Each structure stands twice: as structure tokens, then as C-alpha cells.
1. Label-point separation (nm) for B:Lys86 and C:Gln237, each offset 7 Å from Cα along Cα-to-Cβ?
2. Enumerate the calculated ³J(HN,Hα) couplings along segment A:167-174 in order (Karplus 6.51 cos²θ - 1.76 cosθ + 1.60, θ = phi - 60°), each rounded to whole Hz, writing x wherever the residue is Gly or Pro.
3. Antiparallel DSSP bridges in segment A:2-267: what percent, to the nearest 5?
4. Rounded to whole Å, give me the distance from the Cα center of segment B:1-80 to that of segment B:181-216.
5. Using only alpha carbon pairs under 8 Å that are at least six residues apart, calculate the relative contact order of segment B:2-267 and give it in whole percent.
6. What is the spread of the Cα atoms of the protein assembly as shown along each of their three principal axes, largest first, in whole Å?
7. Over chain B, how many percent of alpha carbon pairs lie in each 10 Å bin up to the one with the longest distance?
8. Let me check I've understood the local charge: for C:Ala157, count other residues with C-beta under 13 angstrom from its C-beta, Lys and Arg +1, Asp and Glu -1. What total comes out?
Amino acid sequence: MEKEIAELFTELRYKKPLIHQITNFVTMNDCANVTLAAGASPVMASSPCEAGEMAMLSEALVINIGTLQPESFDGMMSAGKAANSKGIPVIFDPVGVGATVYRTNCAMEIIKGIRPAIIRGNASEMNRLIGGQSITKGVDAAYVADSNAEIARTVAAAFNCIAVVSGKEDAVSNGKHTYLIQNGHPMLTRITGTGCMSSALIGCFAALRINLLHSAVAGISLMGIAGELAATSLSDQEGTGTFRVRLLDFISLMNKEMWLEGVRIIEV
Amino acid sequence: MEKEIAELFTELRYKKPLIHQITNFVTMNDCANVTLAAGASPVMASSPCEAGEMAMLSEALVINIGTLQPESFDGMMSAGKAANSKGIPVIFDPVGVGATVYRTNCAMEIIKGIRPAIIRGNASEMNRLIGGQSITKGVDAAYVADSNAEIARTVAAAFNCIAVVSGKEDAVSNGKHTYLIQNGHPMLTRITGTGCMSSALIGCFAALRINLLHSAVAGISLMGIAGELAATSLSDQEGTGTFRVRLLDFISLMNKEMWLEGVRIIEV
Amino acid sequence: MEKEIAELFTELRYKKPLIHQITNFVTMNDCANVTLAAGASPVMASSPCEAGEMAMLSEALVINIGTLQPESFDGMMSAGKAANSKGIPVIFDPVGVGATVYRTNCAMEIIKGIRPAIIRGNASEMNRLIGGQSITKGVDAAYVADSNAEIARTVAAAFNCIAVVSGKEDAVSNGKHTYLIQNGHPMLTRITGTGCMSSALIGCFAALRINLLHSAVAGISLMGIAGELAATSLSDQEGTGTFRVRLLDFISLMNKEMWLEGVRIIEV
């Protein structure tokens, strides 16, 4: 599998697909920059006045509810339905789902109304997605999440999608096959937006429409490997500011050889 | 006092409180990153659909009107009232108050409706807050602000809060005791958001709910000391881009020893 | 001409004009930082509740439709009309015009309702502006754009403005005189916002109200020269993250001597 995934890095820089992102205000500049660094091209049009039309021009759609508002939610639904109608893959990042009733309700509406191809979140967010569904199905008490791999497998099966659970080890599952990506560094939790940026990167690879499972592994592992390289490059006098800069540097420098050398992936 | 304040730096990294920030679109990424760098955790939910609920989950609320809109104003009021009801400290940054009628009216509504625990602004903004109140009391002509310390003392007394006036020397007052923090560097005025970031940092320390006056001093002095360290680290070929990076670096590296070595504080 | 333009760099740092920017959410932090780096002062108030009043306080207005929404569009129209009424120059950046019907309609409404003094876009955006107008005039088929210089000349003549077409070589025209600025570097296309930042910089120089054609050349060439300096400073281990930092560094370090040494401009 690694060799096929590695080819996606070359392919992405060659094809430069357009990635439509309706994302949060906090990290959208970071998401645009990692999209460009990886070789794709970002566009971010959240107004319902144009979100659907813009989605039709794109090769993937990334939806992120980090700073959800009624107007951008309408834009997400409009863009998502347009993407669905044309077979454009939708990547969903349910940021903070579970924190408020509004956010949880919107997240469930997105999943049901748009059918994302890939969902990425941390263990607590992803767990909440299944918990929410389980409650409506009355089986919440039966659900026990004991690992990222287990959560990923359950989310993938529940929503018929690829699920990516970020954490110390990232888990990627299509419900049948589940992989652990053993890359990353604690520094990635000390800057804002590394989750959002991972979802953007997954969107870049998904836009190639070669293999969605591989795209999810490519995107999440790219963040992990670049994070390792950035963290190990730091001197004692450098902190999270320089780390952010080097993270973008290494994403922009990544190629198939560097990726093959850095990636640690196991099937579980 | 310095020794007690220094302990807050250790405490913050240990407790990692959640800081809800309804802030402006220009500097929100910077505010999120300094919050993480200082050891706390940011969340930014401005929609009235969830702002109040999110505030209830947080340990401090920072309100910043840099890019005020009717919808985010409703979110601020909703979050502020929720915070008040639970005794969660509110930090208010009246960015640009006085520039437009809308902004001034909203700022006064926030102060009256929410009762911020801490208000931070530059001399002209803070002065305008008292001027505005003085006008409604018919005593505007009698008001003369001759120093940051005087403005801080007057704002603190007028609104029964801690007041922080940023400038060449930052003044912090609770109306009874007033301190000058003699840290900082002119480079801090050559990048956007250092005021907003200072308010975010004050929010981080206030979230510990140990001593609000100490929290205000800790937050504003952290920005000043990190600014000095960042500026003095620059070579001739480095400008405001590198300064921004190093500023975040030094905030993330700060600890009680570095702070005690760097801080210059006097009571006036 | 070069000597007169070079003086604008000194003048800008001396006068520090206030630049009102109603711009997109993705790159607004970058735009604020380049505005400060060049020596001016940014303010960004997009709500129709205050956008017009804020424009009256400013010395230039920059309008950018990168993340257009009905509310910010109303703010743009309100600010633009206020600026027109006081003779404050308006710089318009028609980001992505042509991509959606909504964006195209709004762009044409801005051009007709506000009469920008300067319009800056890439070749495809600027071409679309004339194509759009040509369609309404029924002469679309007759239009052929063969170079940036030709597009700039046509846009300038069509809208009675200064037109700046960004690209490998940037073209600046007032309809009578047309210049090519042969600065820049491919790395400028690998980070987000260099177009938006160029428009912001043009706004800074336009705020001096000395010579609009010179202001356009100053702003666009500043981005190109800083991009060259930033790109050539990179080591093999540095990528787009470090490039972004150095770009801001060199904008903040630029002075008339550096500009005169770096600029390559020809009349065509």
C-alpha cells in the first residue's frame, strides 16, 4: 500500500486540483496555506449565495464546523448537496461536536444530508458522532470505545465512509480495513489548527479520486511526518512560532521519497 | 507580589483552562496561538446559537470588538451573561471604541450589561470609555487624563473592574493599587494583534481565578517581555515577519524563572 | 519616474496613513501585517453598521471580494460611497470574479456604484471584468486579450481607472501609459494572499494621494521585490513557511534605496 500512496504525492503536485473549503475563521489561512504547500489550490466561499456553484467547480469539498453560523451552515448544506450530485468527495471535520446542542445538531444534519466520503476528528469528537446516533437508535449504553482504531472502525461502519481518528496514533478505517499511522509529535497539539489542516490535506488527496482510503492515510500521515521533522529541527531557543513555520516548510518540501522514509503504518 | 505572579505561569501550564474568545476576524488565529503557547486552550464560538452554552463550559471569556457585527454582538451579550451567571471572569477589549457611533454604543452596552472583570485597551480607547460615561453624567469637560496610570485608575474606579492601559509603559489598576509595567518594545506596534493577544493572555491567567489583579499583570507583562526578547533576537536582515515568529516562540518558552528575570514593575 | 516613486516609500513611513480594508477572511491578517510593515495603519470594519463612518476616517479604502457575503457587500457599498463622497481613493480587488454568478454580479455593481480609482487582479479576473461589460454591450466575441499589458490598458480605459494585472510580469496602466514590472518569483504563487496583500500595499501608497499611477507601481513592485529577496534567501531545508516570514521581513525592511536597486520597470 505504501508505494501506491507515495505516488499520490507526485500526482497531487502534477494535477493541482481545486479544493473548496467551507471552514472556520480561526484556521482558514493555515488551511489555505497547507493546501498550496501540498500542491493543490484552495477556494473558500461560504455564502449560500455561491457555495453550491463554487463546489461544482471543485474537485473536493472540505466542511469544518469550528466556527459554525447559520449562514455558513446553509452554505455547507448547499455546497455539500452540489458536491454529492456531481460525485465530488466531501470531507467533514466535526470540530467540537458535542460541546453545544447547536453544533451537535448541525453535525448530524450534515452527516445525514450530505453523506461525507471521509470524516476526520479527534477521539472525543468521533466518539460523539456515534454516541449521538446510538442515542437516537437507543443503543447508546452498549457502545464502548476503547481505542482510536475501534472508534474509526465504528464510525466508518455507521456512516459508510472513511473515518480518521487523530491522536497520539492516528487511526484510519473504511470499516473493513483499519490502519494505525504512528507518526506525529506532541508539538502538533501546541499550535492551533493542526486538526483542521489535516482535514484540508486529506481533501487535497481525495480530490485526485484515485483511492479514498489511501487519500485519508496520505493526508493524515503528511501532517504527522511534517510535525516530526519540524519538531526535531527546533533549537532550545525556538518554540511554537518557529514550529508553525517549519511545519509548513516540510509540508511544502514533502515528496514521495521523504514520505516513504518517514511513514510508519500498520494494519490492525 | 512578583513571586506570587510568577507561580501563575506554572499553574497555567498545569491546569490548561479553556478560554472562550469572541474576538475579531483579523487576529483570532494569533489569539488562539498565544493562548496555546501560554498553556491554556482556546475555543471561539461567536454565534448566538451556541455562544452562551460554550461560555458555560469555559473558565474565562474574552470579548473583543475589533470586527464587530450585529450577530457576533448578540453572541457576546449571550456569552457574557452566561459567564456572569456562573462567576466566570469576563475580559473586555474595546478595540477602536470611539471610532464609530456603533462601536461606542456596543462597547458601553457590553460594559453595562456584562460587567467585565478586566478591561484592556490603549490609552485612547480607555480614555474614551470614561469620556463616554462622563458625557452621560454631564461632566465630560472636567475629565483630564494625564497618564496611563491615571486613566487605568479612573477606568477601574468607574466600572469597578481591573483596568489595563497598554502603551510605552502599561498601567494596571484595581482603583486602589496601580502598577506600571515597564516592559515592551516598539516592534510590538509594527505587527497586528499585539493588543488583542495581550487580552487573550490576560484571559488565560484570569481563568485560574486566583487573583485578577495578578492575572492582568501576568498577561500584559508576558507580552512585553516576550516582545523584548523577540526584538533583541533579530538580525539586521530580519523584520516584522521574524519578529512575529519569535514573539510566539518566547511566549511558548516563558516560565516563572524567565518571567522573574524579565519583569520590571513598580507601584505608583 | 523611478525616483519619484522611491520617495513614496519614505513618505509612507513618515505619514502612516490609515487604510480601511473590507477584505476576505482568509488573508486579512496577512493584509493587516503588510500594511503595518509598509508603514501604514490598517483598520478593518466590514459591518454596514459602521463601514461608511470608518471609511470617512481613512485615507484609502481597499475592497476585496474573496469571501463575499451579503452583509459585507452592504458594508463595501456603504464604505465605497462614503469614500467617493470625500475623494478618498478606492482600491478594488475582484478576487475570483467569474467563478460564480453572485461574485460577478457583485463585482460589476461595485465597479459601477463606487468607481474604484485602482483595480488589481490576475489576468483571468481582469479579463472577466471587461468580458462582463462587453457581454452587456454585446461585443464580447470581439474581445481578445493577448497580454497583461493589453488587458491592463483595456480595463483602465473601460473603467477610467488605474488597472494592475498581476502575473509573471505585472502590468500597470492608466489607459494612456502602460508599464511592465519585471519583478516577482514563482514562490509568491505557493502561499495564499499575495494578490490580496498587493492590493493592500497599493492602498497604502494611494493613501498618500500624490500620484495614483505611481502608487500602483509602488505597491505591486514592493510585493515582487520582497518576493525575490525572500525566495533567494531560502536554504534547501526551507519552504513556503519560511518564505512567508521572510516576505513580511523584506516588506518591513524596504526603503527607497533597496527599492531603486531592485525594481525593473519598462514602459510598453
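Any read-out appearing in this document is the output of simple, stated calculations on the displayed coordinates, not a laboratory observation. For clarity, every value in this text was computed on a predicted model and none was experimentally measured. No Cβ is skipped: glycine too gets one built from the backbone with ideal geometry, and neighbour counts run over all protein chains shown.
1. 4.5
2. x, 4, 10, 7, 10, 10, 9, 10
3. Working: 10 of 28 bridges.
Around 35 percent of the beta bridges assigned by DSSP in segment A:2-267 are antiparallel ones.
4. Distance between centres, Cα-based: 12 Å.
5. Details: 555 pairs, mean separation 55.9, N = 266.
Once divided by the residue count of segment B:2-267, the mean separation gives 21 percent.
6. 74, 72, 45
7. Over chain B, the share of Cα pairs per 10 Å bin runs 8, 33, 38, 19, 3, 0 percent.
8. Values: positive: C:Arg153, C:Lys176; negative: C:Glu150.
After counting each charged neighbour, the total is +1.
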